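Colleague: Sharing a structure here in structure tokens format.
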């Protein structure tokens, strides 16, 4: 699937942010857009930057936060 212009803009913005902080950053993220009642994926990007160890720690913490969330829809 070819990324949309908007996802390319996100990728460029992340690259600029990495450069601004001279690579001393860490992040994980997933961007996904759906269409129709079958929720067909029409735009999709998974990103990660940093050491494997810190990314794993981040994912573990995110998982804990999701489990604690009382609402079905999360908007942090």
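We did not get these values from a lab; they are worked out from the coordinates using the rules stated. What you are looking at is a predicted structure, and each value in this text was computed from that prediction instead of being measured. Note that we place each Cβ from the backbone using ideal geometry, even for glycine, and neighbour counts take in every protein chain shown.
Colleague: So which residues in the range 42-65 are exposed (fewer than 11 other Cβ atoms within 10 Å of the Cβ) and within 23 Å of residue 7 (Cβ to Cβ), if there are any at all?
Modeller: Answer for the range 42-65, where residues must be exposed (fewer than 11 other Cβ atoms within 10 Å of the Cβ) and within 23 Å of residue 7 (Cβ to Cβ): just 46.
Colleague: Out of all the residues in the range 9-41, which are assigned to a strand (DSSP E or B), within 15 Å of the chain's Cα centre (by Cα) and exposed (fewer than 11 other Cβ atoms within 10 Å of the Cβ)?
Modeller: 30
Colleague: Okay, next question. For residue 6, state whether it is loosely packed, with under 13 Cβ neighbours inside 10 Å and without any contact (Cβ under 8 Å) to a residue 12 or more places away in the chain.
Modeller: It is false that residue 6 is loosely packed, with under 13 Cβ neighbours inside 10 Å and without any contact (Cβ under 8 Å) to a residue 12 or more places away in the chain.
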